[in-house]
1. Among all residue pairs at least 6 apart or on different chains, which show Cβ distances below 9 Å where the first residue, located in the stretch B:576-596, is facing chain A (nearest Cβ under 7 Å) and the second is of a type in the set (Lys, Arg)?
2. Which numbered condition trips up residue B:108, out of (1) touching a Lys or Arg at 6+ places or on another chain (Cβ under 6 Å); (2) more than 20 Å from residue B:179 (Cα to Cα); (3) surrounded by 24 or more Cβ atoms within 10 Å (Cβ to Cβ)?
3. Name the residue, out of B:519, B:534, B:472, that is over 26 Å from residue B:104 (Cα atoms), β-branched (Val, Ile, Thr) and touching a helix residue (DSSP H, G or I) at 6+ places or on another chain (Cβ under 6 Å).
4. I'd like to verify a number: residues in the stretch B:140-160 that are part of a loop (DSSP other than H, G, I, E, B) and surrounded by 15 or more Cβ atoms within 10 Å (Cβ to Cβ), how many?
5. Suppose we filter A:319, A:336, A:327 for residues that are surrounded by fewer than 24 Cβ atoms within 10 Å (Cβ to Cβ) and touching a helix residue (DSSP H, G or I) at 6+ places or on another chain (Cβ under 8 Å); which single one remains?
6. Restricting attention to the stretch B:411-430, report how many residues are in contact with a Leu (Cβ under 9 Å, 6 or more places away or on another chain) and surrounded by fewer than 24 Cβ atoms within 10 Å (Cβ to Cβ).
7. Could you run through the stretch A:562-575 and say how many residues are facing chain B (nearest Cβ under 9 Å) and either over 23 Å from the mean Cα position of the chain (by Cα) or open to solvent by 40 Å² or more (accessible area, probe 1.4 Å) (or both)?
8. I need the full set of residues from the stretch B:458-483 which are assigned to a helix (DSSP H, G or I) and among the aliphatic types (A, V, I, L, M), in order please.
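The values are calculated or read from the model by the stated rules, or taken from the named source; none is laboratory data. All values reported here derive from a predicted model rather than from experimental measurement. Quick reminder, even Gly has a Cβ in these numbers, built from the backbone with ideal geometry, and neighbours come from all protein chains shown. Side chains included, ligands, DNA and RNA excluded: accessible areas come from the protein's heavy atoms. Shrake-Rupley method; radii C 1.70, N 1.55, O 1.52, S 1.80 Å.
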Number of protein chains: 2
Amino acid sequence: MVGGYAGKILEIDLTTRSLHETPLDYDEARKYLGGSGLAAKVLYDRVGPEVDPLSPENLLIFMAGPLTGTPAPTSGRHAVVTKSPATGIFAESDSGGTWGQALKWAGYDGIIISGKASSPTYLWVKDGDVRIRDASHLWGKDSYETDDIIKSSVGERAVVACIGPAGERLCKLAAIMNDGYDGRTTGRAGVGAVMGSKNLKAIAVEGSRKPSIVRRGELLENLKTIIPQIKEYMVAMTKFGTGNGIVATEASGDMPIKNWRQGSFVEGAGVTSGQYMAEHYLVRNYHCASCPIGCGRVIKVENGPYKTAEGAGPEYETLTALGALCLNDNLEVIMLGNELCNRYGVDTISAGAAIAFAMEAYEKGMISQEDAGGLDLRWGNPEAIIGLIHQIGKGEGLGLLLGEGVRIASERLGGLAPEWAIHVKGLECAMHDPRAYHSMATGYATGNRGGCHLQSASYLWERGPQAFKTAIPTMPFEWYEDRHGLENKGKLTVNCQNLMSVMDSLKLCKFVFNGRVGIENFANWTSCITGLDISADELMEAGERLYNLKRMYNVRHGISRKDDTLPSRILSHKRGTGGSAEFLPKFGEQLSEYYDARGWTEEGIPAEETLRRLGLDFAVKHLPVAARI
Amino acid sequence: MVGGYAGKILEIDLTTRSLHETPLDYDEARKYLGGSGLAAKVLYDRVGPEVDPLSPENLLIFMAGPLTGTPAPTSGRHAVVTKSPATGIFAESDSGGTWGQALKWAGYDGIIISGKASSPTYLWVKDGDVRIRDASHLWGKDSYETDDIIKSSVGERAVVACIGPAGERLCKLAAIMNDGYDGRTTGRAGVGAVMGSKNLKAIAVEGSRKPSIVRRGELLENLKTIIPQIKEYMVAMTKFGTGNGIVATEASGDMPIKNWRQGSFVEGAGVTSGQYMAEHYLVRNYHCASCPIGCGRVIKVENGPYKTAEGAGPEYETLTALGALCLNDNLEVIMLGNELCNRYGVDTISAGAAIAFAMEAYEKGMISQEDAGGLDLRWGNPEAIIGLIHQIGKGEGLGLLLGEGVRIASERLGGLAPEWAIHVKGLECAMHDPRAYHSMATGYATGNRGGCHLQSASYLWERGPQAFKTAIPTMPFEWYEDRHGLENKGKLTVNCQNLMSVMDSLKLCKFVFNGRVGIENFANWTSCITGLDISADELMEAGERLYNLKRMYNVRHGISRKDDTLPSRILSHKRGTGGSAEFLPKFGEQLSEYYDARGWTEEGIPAEETLRRLGLDFAVKHLPVAARI
């Protein structure tokens, strides 16, 4: 037997209200691992270019990995995969918390949703028992309320993933929230809108069927050493959360400020940092399942105009997207904004990007105070930030435009607005700057879901090179030792993307690295859990396979080099101050190096031999005619 | 009185068949000089964004400069200005020969054509007498035939500008030809299609009213010194034409080979050079009016499959576009191709680019031999080159697609084809490579008519820096002394564009430079001819004004930084061999430097203060809202 996996995938057609359990194909599982990898294969096989992302024919796939629900550190995660209504291409988004663990313990590796319910619906899955329930009473409720109401019906031990009002209205920034007030999120690329398009409000899960762990003793022995190491290395993360490095981030030039225009925000960084939050607002830490770190924040603002519930506090991305990016140094505003985004079910990165975009359009006279429903959108204005989040969440006023994402919004505004829309392939760029960490240039440009930092996360290597020697031990140190070095950064991106594909499939958190942990450990844990003999090389090759599979999904949708680009502001605007004042990535050459390292053509298309080498022969028929020569 | 100018502009509305003479506004003439500058002002005032380029509302403006028709060396030129059907934005194209001189001598600085004739028509203009004549018998005739037929009717001293069959069919590559078998051309941006859209086959002109030259003695004294210098410096140009440098061009990496993919074409360059042509096919030189150089070729192929008439031979651009770009080393094929393009009235640069594009699409399996009407489009195949020119010229088969230009053709082909379409803003790039002469990166990217080499011509400075010190004496030598240097190239482009704007308005040829000649001479000649006291500074400021005026025309059409880009092949493909094997321009930074030097915003929009400084206050109201802050 193979451990780790539940061995079954649940399929639900909401149109016909039919349920189906498919036994896991373990050959496929070994090849595509699980999580976003295995889900990508399902999407590849069943959702072609002809499918509209918001039509019943699109699939919404929730998928755990073989490590989810096991003691492997930081494995409390699951992925959501679908075709994105925001970008029109491949989408994956992943989340921590306990929902993935509950899914696995309920007996499933994944749930594949197709069709569209005739009226609002939620699913209740408990230990192999699946119910399709009416959700009329939940429609319009925010994510925290929805969690409360469902639990009051099915019991407190259930874990709920749900959409808020934004997802119901098919807002392109809509997220799927899980774990209620703890505010875990599959946030990116509009996955919440797909859930809304299916009239699916929530999926509540509960389980007691822990997966088998074949070589449990060996695993626990390994963890006895490694977990204390992780804890020790991650102590700042535990104490101050992901915002712990925000002052250093500002100092390095990594933090995008004023819609990516400004180089410094020294005082603002200080008072929006994880340290400042811990000192003034932290109630307690939050740990995702099997996490020894606990970077999650539970905060509360008790007084003043920006009172919050006791619940999830903002992560680094949110601190910056609703903070520096909008030139806002009011942490209470960020914390309330974060809660509102969670309640409405809106991605905080894209929301912050949309607000910063609107502020720039306002500064430049293309949006008036009247357009903004009376809000004064000057940079950093707290009322504007809170007000726009309400408008986006409710789909009112300017929020209707901004809720389409900055690409569409800028095209509709016309004029120069597309020049200030900071996105790649329609996904708003995350809060790490390729002018500070040059490998992020290809990281964003070639991210399979668009402008995402987590699909390569190579800024981590360039930020703390010494600590990342163990992550991929075979990767030369000189590829990442100099963050402003111009050579080898394309190759760095390739390797990091492959590793991230592995982690997104096994389901591990990007914060597990600690100067000792790396791909060798992941292979060891996976081998112990599954009982298979899986090497680091096999995993890295699987990561490469998955990255190519997702790329081919996009290639079928017309993606090529012309789409692998960056906003000109990032390519050519020197900010003049801060830790990367005068640096720019050497983008064209980095991209060519990247393609070369990937075995892709100059046009950014996987070569046939690359696909065959990786066992993706079935994808050869989807190569553009031109790439088959 | 002011000399040089004729003092009158002829306006013809072909819809109503009405004629009107407008006295030249000498204040406007001093501000916008003449040629493409003065015509740009007319277009700016009268053809807004709402006008379809092929509608009767578009204007087709022929304009001489104050030097046209005078003894000023290389002044035998005129401009055609219109809104381009190929790019949708500002178009200017200019030509040598004797047509511009004849126009001036006929008593006009320019002719502005509006409306659309109800049936094929030509104009006959002789010394202030203007006739609108039936051209039904000319419709379908090629440009050489048309020249013959019109002259047999109005006399041999007439000079004819006309379209061939391509212009009649509104082909986007259509040129306006002049001077019959001597094959002079306003080739670029589809100006011939605009003429065709007006049912205007030709304009024949003849005149005997030479313009007055106010300080004739001083001018002739100056020319007595300068003309021998020009002749001496340009001796290779006189002997071997513009193809004289083709071997050096190949060696430097400036020559685009195999659709911009290949770095070397040593043997091919040798047998398609001006030297080879002079040795084997040259009948005699051709001199445009007032030209001491005579780079024009009259050639004849007497035997074999590629026989030509005795007529215009190919220039450097044509030698490369129909040669190296298509991997063709058969000079006879180029010479016949050139004649066919002239006869059909097709731009040879864009035709060569379209053929190379088709060959790449064929290589990569996106165009079949059947699609190509049985032609085997393998690289360099003579039958394919000649065959495709016929198809483009006649609008048959694949020619219908290619005749739209590579931007549209690649979009219609879909797949990866846009990756191989080498154009800027819809205009196929000329035959000079920014990987060899880095300033050409911004030269192409910011060219007001798209991917044109002549709107900056800064490769001349980078190619022969010592000889260009006198062109703009105030420009620092270090801006252009190193062709692969990465600094100052944006500023170089700005200055060269301003100078070229002056030359395109006074009407001087880009080959007048000789290591002694420069802006000081142009100011002197213009002052002597007009009698005004015009300094080099005034001219350079006029050049800057004109470049901004044309930019503003494009800004009104939605152009901004997002459009100022280059094909990724040029930005990032290292060719690996040849004289610029590993060099790439630093594009993003060069563009920012360029905008800065221009006084434009980061988005590529002229700042209000820039417009006001240049006396373009009327254009401020056309700034995008966002640029008015």
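1. B:584/A:586; B:584/B:435; B:584/B:574; B:589/A:574; B:591/B:561; B:592/A:574
2. (2)
3. Exactly one of B:519, B:534, B:472 is over 26 Å from residue B:104 (Cα atoms), β-branched (Val, Ile, Thr) and touching a helix residue (DSSP H, G or I) at 6+ places or on another chain (Cβ under 6 Å), namely B:472.
4. 3
5. A:327
6. Of the residues in the stretch B:411-430, 2 are in contact with a Leu (Cβ under 9 Å, 6 or more places away or on another chain) and surrounded by fewer than 24 Cβ atoms within 10 Å (Cβ to Cβ).
7. So the count comes out to 8.
8. Those that are assigned to a helix (DSSP H, G or I) and among the aliphatic types (A, V, I, L, M): B:460, B:467.
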